[in-house]
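K.L.:
The structure follows.
The values are calculated or read from the model by the stated rules, or taken from the named source; none is laboratory data. This structure is a prediction, so every number in the text was calculated from the model and none was measured. Cβ: placed from backbone, ideal geometry, glycine included. Neighbour counts: every protein chain shown. Just so you know, the surface numbers come from the protein's heavy atoms only, side chains and all, with ligands and any DNA or RNA stripped out. Shrake-Rupley method; radii C 1.70, N 1.55, O 1.52, S 1.80 Å.
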Amino acid sequence: KKTDVDLYRQLLTQLNSNADANGQPGAVDRMIDVRRQLTEFQLHYKFGMDEVLTKINVLREEFEHTRDYSPIEHVNYRLKALERILDKVQRYGVEANLESIRHAIRDIAGIRITCSFVSDAYWVAEMLCSQPDLRVVEVKDYIRSPKPNGYQSLHVILQVPVYLSNRTEFVYVEVQIRTVAMDFWASLEHKIYYTYEGEVPSDILDELREAAVQAAALDKQMAEIRDKVTALREQAPH
Ligand code: GTP
Ligand code: MG
């Protein structure tokens, strides 16, 4: 009884057989090779992302065991889908080969860390960036300098060593660190942006900008409350 794999192999052999007159690999061989390269390409980003996620989990668990609270609220991550990578390659006019893409597109592996307080965002960034095996390529502080639309977040582009069988590859990982309030704002803004396909009406833009100001005010107020409570607890007899 023939298995699917046998049939597949037979089909590929047939497709491939006549393309081989002067010893060049056939079309199917080339297709399989491209596919293999793409899978490997994506896998390396997964490895890099896993490395950073482990580091974040170490911090998180350490805090949960030794202190009464962790600066890390939650962590999300994603690998950019191939189609989205290719969109971006086109938009940015990147040369369509893996080597150029590796250099130009730095958010193929993306991690988002949500914190309770603004000071925690900086603290977490500092703890990550000071790890000696990570290369800090760029820090974009949209908390100190929000984007014109109101967007706030701390972006860190890292290069993470991935130890492969025959070499070490440094893989870009984008880490976005922000507060719950900033994250709430960014997720709504993102949905609105897509709803209007980038052409957001100006009154809505104004409201979003105002909402970002309020999110920042809320962050500030929450920190003040926390500081007050901390001070009271330190005064109180134990
Ligand atoms: P890309 O925007 O990814 O092409 O890179 P860039 O060089 O402009 O970097 P930047 O740090 O500005 O943005 C990187 C990522 O941050 C984006 O892919 C989004 O995930 C997020 N981001 C940046 N700006 C905004 C914004 O205005 N709104 C929202 N919701 N997210 C944003
Ligand atoms: Mg951008």
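K.L.:
Between Thr54 and Ala27, how high is the FRET efficiency from 1/(1 + (r/R0)^6) when r is the Cβ-Cβ distance and R₀ = 45 Å? Nearest 0.05.
P.N.:
0.65
K.L.:
Leaving out same-chain residues fewer than 8 places away, which aspartates and glutamates sit with a Cα under 20 Å from that of Lys140?
P.N.:
Asp107, Asp120, Glu126, Glu174, Asp183, Glu189, Asp219
K.L.:
What 222 nm value per residue comes from the helices of the chain, counting each DSSP H run with n ≥ 4 as -39,500 (n - 2.57) and dividing by all residues, nearest 500 deg cm²/dmol? Intermediate results must be reported in sequence, preceding the final value.
P.N.:
Details: 7 runs with 133 residues, N = 238.
For the chain, the value works out to -19000 deg cm²/dmol.
K.L.:
Over the alpha-carbon set of segment 34-159, divide Rg by the Kirkwood Rh and report the Rg/Rh ratio to two decimals.
P.N.:
Numbers: Rg = 16.3 Å, Rh = 16.2 Å.
Using Cα coordinates only, the ratio equals 1.01.
K.L.:
Okay, moving on. Helix by helix through the chain, keep the DSSP H runs that span 18 Å or more along the axis on Cα and average at least -1.0 on Kyte-Doolittle, and give those back in order. Write out the running numbers ahead of the final one.
P.N.:
Numbers: long enough: 4-17 (19 Å, -0.39); 27-66 (58 Å, -0.49); 180-195 (23 Å, 0.11); 202-235 (50 Å, -0.42).
Helix filter hits for the chain: 4-17, 27-66, 180-195, 202-235.
K.L.:
Also: Just for segment 92-195, what percent of DSSP beta bridges are antiparallel, to the closest 5?
P.N.:
Details: 16 of 22 bridges.
Roughly 75 percent of the beta bridges in segment 92-195 run antiparallel, per DSSP.
K.L.:
Between Val34, Val75, Val137, which gets the highest mean-square fluctuation from a Gaussian network model of the chain, Cα cutoff 10 Å?
P.N.:
Looking only at Val34, Val75, Val137, the biggest GNM fluctuation is shown by Val34.
K.L.:
What residue among Gly26, Gly110, Gly48 has the largest mean-square fluctuation in a Gaussian network model of the chain, using Cα springs under 10 Å?
P.N.:
Gly26
K.L.:
Considering only protein heavy atoms, what is the solvent-accessible area of Val58 at a probe of 1.4 Å, reported in Å² to the nearest 10?
P.N.:
My reading of the accessible area for Val58 is about 90 Å².
K.L.:
Rounded to the nearest 20 debye, what is the charge dipole size of segment 157-201 about its Cα centre when +1 sits on each Lys and Arg Cβ and -1 on each Asp and Glu Cβ?
P.N.:
Numbers: 3 positive and 6 negative charges, 45 e Å.
With Lys and Arg at +1 and Asp and Glu at -1, about 220 debye.
K.L.:
So, one more: Assigning unit charges at the beta carbon (Lys, Arg +1; Asp, Glu -1) and nothing else, what dipole magnitude in debye, to the nearest 20, does the chain show about its Cα centre?
P.N.:
On the way: 30 positive and 37 negative charges, 105 e Å.
Once rounded to the nearest 20, the dipole reads 500 debye.
K.L.:
Subtracting the Cα-Cα distance from 0.36 nm times the residue separation, let me have the gained length for Glu61 to Asp4 in nm, one decimal.
P.N.:
16.0 nm
K.L.:
For the chain, what is the Kirkwood hydrodynamic radius in Å, using each pair of distinct C-alpha atoms?
P.N.:
On the way: mean 1/r = 0.0469 Å⁻¹.
For the chain, inverting the mean 1/r across all distinct Cα pairs yields 21.3 Å.
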